[in-house]
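Engineer: Let me begin by handing over the structure; questions about it come next.
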Amino acid sequence: MSLSVIKDRIAKAAIKAGRQPDDIKLIAVSKVQPPDRVVHVLEQGHRCFGENKVQEADGKWPEFGKSYSDLDLHLIGPLQSNKARAAMGLFDAIHTLDRPKLATAIARLAQETGICPDLFIQVNTGEEDQKSGVLPADADAFIATARNLDLPVKGLMCIPPVDEEPSLHFALLAKIAARNGLPGLSMGMSDDFERAIALGATHVRVGSAIFGARVPPA
Ligand SMILES: *Cc1c(COP(=O)(O)O)cnc(C)c1O
């Protein structure tokens, strides 16, 4: 598949849902992809990319940034508090705020530097042990905690369990966001972004459908 095919499918899904295609941001998830594939997408004018590791992103995006301006980089993987400073220097948005300790660390750095990326709170909608994110029952309280720290919380993010119908999880995330007055919904990946758009996704995170299967690191 390709970038243009995915953009087209996003636009069609938006229109079908009575939404504007421009209201949905496509985050091209470039983690682990070889540089030539990333350059190919950059050459087509796309600037919004997602990475799941701070260190990996730091190893490639400052270099790409020398050749391509206006990059819009999103962290979509778990963030350790001790990497918050590096992440805030590199990313325009962080989708994985999920605990008070991290919220406090980001708030302190935001005060110190005067800048803060857009933040999404990750919700563990499937209540899976191995997955990060706040539990649905704790989401309202954690959103309030983050807001009390003056953090720029723009929305919520989820990664549904692999073996369940994702739409149930997208609907739950949308419900929690709506009752908290949060406009952003980071949900939907290669296999389910159209279903996510039908349920209100504002940010879809699509990797393999754009770049091809991820090549495992040697
Ligand atoms: C890797 C990843 C994606 C993209 O997955 P694809 O199935 O390749 O589209 C989306 N979101 C998160 C959090 C990821 O880690």
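Engineer: Out of Ser2, Ser67, report the one residue that is at pLDDT below 95 and either surrounded by fewer than 19 Cβ atoms within 10 Å (Cβ to Cβ) or more than 29 Å from Asp191 (Cα to Cα) (or both).
Structural biologist: Just one listed residue meets the conditions, Ser2.
Engineer: State whether one or more residues within segment 130-140 are modelled with pLDDT of 95 or more, aliphatic (A, V, I, L, M) and within 12 Å of the ligand (Cβ to nearest atom).
Structural biologist: no
Engineer: Which of the numbered conditions does Asn52 fail, given that it passes all the others? Conditions: (1) open to solvent by 30 Å² or more (accessible area, probe 1.4 Å); (2) touching a residue at least 60 places away in the same chain (Cβ under 8 Å).
Structural biologist: Against the list (1) open to solvent by 30 Å² or more (accessible area, probe 1.4 Å); (2) touching a residue at least 60 places away in the same chain (Cβ under 8 Å), Asn52 comes up short only on (2).
Engineer: Next question, about the same structure. Exactly one condition in (1) modelled with pLDDT under 95; (2) under 25 Å from Ile115 (Cα atoms) is false for Gly212; which is it?
Structural biologist: (2) is the only condition that Gly212 fails.
Engineer: Among the residues of segment 119-152 satisfying the criterion of being in contact with a Pro (Cβ under 9 Å, 6 or more places away or on another chain) and among the small types (Gly, Ala, Ser), which is farthest from Ala178 (Cα to Cα)?
Structural biologist: For segment 119-152, the residue satisfying everything is Ser132.
Yes/no per residue for (1) open to solvent by 10 Å² or more (accessible area, probe 1.4 Å); (2) more than 12 Å from the ligand (Cβ to nearest atom); (3) touching an Asp or Glu at 6+ places or on another chain (Cβ under 7 Å):
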site	(1), (2), (3)
Ile159	yes, no, no
Glu164	yes, yes, no
Leu172	yes, yes, no
Gly188	no, no, no
Phe193	no, no, no
Ala198	yes, yes, no
Gly207	no, no, no
Gly212	yes, no, no
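Engineer: Out of curiosity, is Glu165 among the charged types (D, E, K, R) and in contact with a Leu (Cβ under 8 Å, 6 or more places away or on another chain)?
Structural biologist: Spelling it out, it is not the case that Glu165 is among the charged types (D, E, K, R) and in contact with a Leu (Cβ under 8 Å, 6 or more places away or on another chain).
Engineer: Okay, moving on. Name the residue that is surrounded by the most Cβ atoms within 10 Å (Cβ to Cβ), counting only residues in segment 104-157 that are charged (D, E, K, R) and under 20 Å from the mean Cα position of the chain (by Cα).
Structural biologist: Lys154
The values are calculated or read from the model by the stated rules, or taken from the named source; none is laboratory data. Everything quoted here is computed from the prediction, not taken from an experiment. A quick note on method: Cβ atoms are made from the backbone with ideal geometry, for glycine too, and the neighbour counts reach across all protein chains shown. Only protein heavy atoms, including side chains, enter the accessible area calculation; ligands, DNA and RNA are left aside. Shrake-Rupley method; radii C 1.70, N 1.55, O 1.52, S 1.80 Å.
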